[in-house]
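Read-outs: derived from the displayed coordinates by stated rules, not from any lab. Here the structure is a predicted model, which is why all the values come from computation and not from measurement. Neighbour counts are summed over all protein chains in view; Cβ atoms, including those assigned to glycine, are modelled from backbone coordinates with ideal geometry.
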Amino acid sequence: MTIGVLALQGSVAEHLKLIKSVNKKIDAVPVRTVDELASVDGLIIPGGESTTLRILLDEFKLYTPIKVRVEAGMPVWGTCAGLILLANRIEGERPYFGLLDVDVKRNAYGRQIDSFVAEGDFAGMYVGMVFIRAPIITRVGSDVEVLSELDGKAVAVRQNNVLATAFHPELVARDNRIHKYFCQMVENA
Ligand code: GLN
C-alpha cells in the first residue's frame with residue numbers, strides 16, 4: 001500500500017515521516033505528477049496556502065486526475081489548506097475540488113500570530129491539534145460525519161472516502177494516530 005502526499009507546497013516531509021512510521025508495509029511518497037498520482041492508493045493534501053496550492057495544482061495539471069480518482073473512491077485527507085481545497089463552498093471565493101459537503105471561512109481563527117494548540121477528541125482518541133491560520137467550518141452537510149469539535153465547531157470531518165482536518169496533526173511530535181486512521185481508510189477502500 002502506498003500513500004501519496006501532494007508535494008507542491010506546504011508541510012510535506014512531516015506527513016511522509018508519520019505515514020512511514022505507521023507500519024513497515026505502508027510506503028509514503030511525494031506526489032507532483034500525474035504518473036506519481038497514479039501509483040498511490042490514497043492522497044494527503046497538506047496545509048500550506050490554498051491560493052498558492054490552487055495555482056500549482058492547475059499548473060501541474062493535477063486538478064482533474066485528483067478529482068476523478070477521489071470520485072472513484074480513492075481516500076483523500078486534506079489538512080487545513082487541504083480542507084479548504086476540498087470544501088464545497090469557500091466564503092468569498094469559488095470552490096476548488098468541491099468534494100466535501102462543508103462550507104469554510106478562511107483564516108477565521110485570526111492571523112499567524114494567533115496560531116494555537118488545543119487538545120480534543122478525534123473519533124474517540126484524545127489528540128493534540130495545531131491551528132495555523134486555520135479555516136472555520138461554518139456548515140456541515142447531512143452526509144458528513146463530525147470526528148472532532150472545538151468550542152462547538154467541527155474541526156475534523158469525514159464524508160465517505162474524504163477526510164479533512166482544520167488543524168495540523170503532522171505537527172504534533174511522535175503522534176501518528178490520525179495518520180494510522182487514514183491508513184485504515186485506505187486499507188478498507
Ligand atoms: N491560511 C491558509 C489558507 O487559507 C491555510 C493555513 C494552513 O494550511 N495552515 O489557505
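The Cα-based radius of gyration and maximum Cα-Cα distance (Dmax) for segment 89-164 are 12.5, 34 Å.
Rounded to the nearest 20, the size of the Cβ-charge dipole of segment 1-66 about its Cα centre is 240 debye, with Lys and Arg at +1 and Asp and Glu at -1.
Were the residues from residue 64 through residue 175 laid out at 0.36 nm apart, the gain over their Cα-Cα distance would be 36.7 nm.
Between 164, 46, 85, whose Cα lies farthest towards the positive end of the dipole of the chain when Lys and Arg beta carbons carry +1 and Asp and Glu beta carbons carry -1, centred on the Cα centre? With unit charges placed on the Cβ atoms, the residue in question is 46. About its Cα centre, the chain has a charge dipole of approximately 240 debye under the convention of +1 per Lys or Arg Cβ and -1 per Asp or Glu Cβ, with nothing else charged.
For residue 17, neighbours were defined as the other residues whose beta-carbon sits under 15 Å from its Cβ, and their charges (Lys and Arg +1, Asp and Glu -1) total +1.
Taking every lysine pair in the chain that is 8 or more places apart or spans two chains, those with Cα atoms closer than 29 Å amount to 18. Take each peptide in 125-131, 14-20, 137-143, count the other Cβ atoms within 10 Å of every residue, and average; sorted highest first, the result is 14-20, 125-131, 137-143. Compactness ratio for segment 24-96: Cα radius of gyration over 2.2 N^0.38 Å (N = residue count) comes to 1.10. Using only Cα coordinates, the Kirkwood hydrodynamic radius of the chain works out to 16.1 Å.
For a Förster distance of 30 Å, can you work out the FRET efficiency between the beta-carbons of residue 33 and residue 153, rounded to the nearest 0.05?
With a Förster radius of 30 Å, E is 0.25.
With 0.36 nm allotted per residue and the present C-alpha distance subtracted, the residue 143-residue 118 stretch has 6.4 nm of extension available.
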